[in-house]
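Notes for the one structure printed next.
No lab work stands behind these numbers, since they all come straight from the coordinates. Since the structure is predicted, the reported quantities are computational estimates derived from the model, not experimental observations. Please note: Cβ atoms are built from the backbone with ideal geometry, for glycine as well, and neighbour counts cover all protein chains shown.
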Amino acid sequence: MGQSDILTTHQPHFDFSKEQRHSLHLHRLRNFHSKYLATRFSVDIYLPPDYDASGAGRFPVLFFNDGQDMEALRLADTLTALYASQKIPSLIVVAIHAGERLQEYGTAHRPDYRNRGSKAHFYTKFIIKELFPHLRKNYPIREGAEHTAFAGFSLGGLSAMDIVWNNHGLFGKAGVFSGSLWWRHSDFIEDDPDGGRIMHEIVDTGLHRPGLKFWFQTGTMDETDDRNANGVIDSIDDTLDLMERLKNIGYHHKEDLHYREVKDGIHHPSTWAEVLPEFLVWAFGKV
């Protein structure tokens, strides 16, 4: 089938009432080749119940890193429930299965101090120059960054943040679930425990990008580490600190930034699944 093998399935989900039935369509791209990474990716594309292959309608699009975890995140059932309650419009969700995760996720600008994320630059190129054009050619995607979001979990959340930040003409919203915002270009230094955090420095040296919006989530039990001994775990500390850096360059808390802290939330799909509906409504909710 050319660049990728496409499998199409129709997935029924639970009924909300005898009168109200909703089902999703799932397209699976297998062996989607990337020349930038010299590898083949699997991509799951969740299409809304009213999807029309003729392209009669145009839909917003949401990209997810770690697409292999969508079952654990209960994505299909969450979308079905939100469509049924009319809390979000119909959208296309693109779930990209991780490849060489520790090298492809990270920050495109530079790897961390252990050279992890060394292929993040090429992963970004894969998204921007290969996958996105393929989707635009084959699916009725609505034009405009305000209709396009990218999200991820843990290291995939850092990757999503970096991709949106560096490609604000294509993406308008970032969803960062328990993001690995500790990602550093230098090892821990006791005299400067918070120094070297790459994403924070990128924002510090960057300019305000009008139109971008950011959704951050942490759990109070994401981890136990507290490298600067301020009584706040690093996951929360790094997230709140990055939000402050964003405010410093012109982003506003209520308009551009959203923070969700989950009491007793852990670094696991079970917690991320709990807040996934909130993120989807924030990113695409009907007013």
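How compact is the range 125-234 by the rule of thumb for globular proteins, expressed as Cα Rg over 2.2 N^0.38 Å?
Output field value: 1.24.
Among Lys263, Lys35, which comes first, then next, by fewest other beta-carbon atoms within 10 Å? Provide the component values of the computation, followed by the final result.
Values: Lys263 7, Lys35 11.
Ascending number of Cβ neighbours within 10 Å: Lys263, Lys35.
Just grab the label-to-label distance for Lys263 and His185, each label 7 Å out from Cα along the Cβ direction, in nm (one decimal).
Using points 7 Å along Cα→Cβ, the separation is 4.1 nm.
Would you mind ranking Trp165, Trp272 so that the residue whose beta carbon has the fewest other beta carbons within 10 Å leads the list?
Trp165, Trp272
Rounded to the nearest 0.05, what FRET efficiency do Thr39 and Ala72 give with R0 = 22 Å and r taken as the Cβ-Cβ distance? Could you check?
0.40
For the range 186-276, report the % of Cα-Cα distances exceeding 21 Å.
Above the 21 Å cut-off, the range 186-276 has 39 percent of its Cα pairs.
Going down the table (Lys213/Lys263; Lys35/Lys129; Lys87/Lys263; Lys129/Lys213; Lys35/Lys125), which pairs top 19 Å between alpha carbons?
Correct reply: Lys213/Lys263; Lys87/Lys263; Lys129/Lys213.
Just report the Cα centroid separation between the range 76-114 and the range 171-226, whole Å.
18 Å
Where does the chain land at 222 nm, in deg cm²/dmol rounded to the nearest 500, when only DSSP H runs of n ≥ 4 count, each adding -39500 (n - 2.57), divided by all residues?
Values: 9 runs with 81 residues, N = 287.
Computed ellipticity for the chain at 222 nm equals -8000 deg cm²/dmol.
Under 1.5 on a/c is rounded, so check that first for the range 235-287, then, if it is not, pick prolate when a/b is larger than b/c and oblate when it is not; a ≥ b ≥ c are the square roots of the alpha carbon gyration tensor eigenvalues.
Here the range 235-287 falls in the oblate category.
How do Ile236, Ile249, Ile88 rank when sorted from fewest to most other Cβ atoms within 10 Å of their own Cβ?
With the sparsest Cβ surroundings first, the list reads Ile249, Ile236, Ile88.
Using the Kirkwood radius over C-alpha pairs as Rh, can you work out the diffusion coefficient of the chain via Stokes-Einstein at 25 °C, viscosity 0.890 mPa s, in µm² per second?
My calculation gives 126 µm²/s for D.
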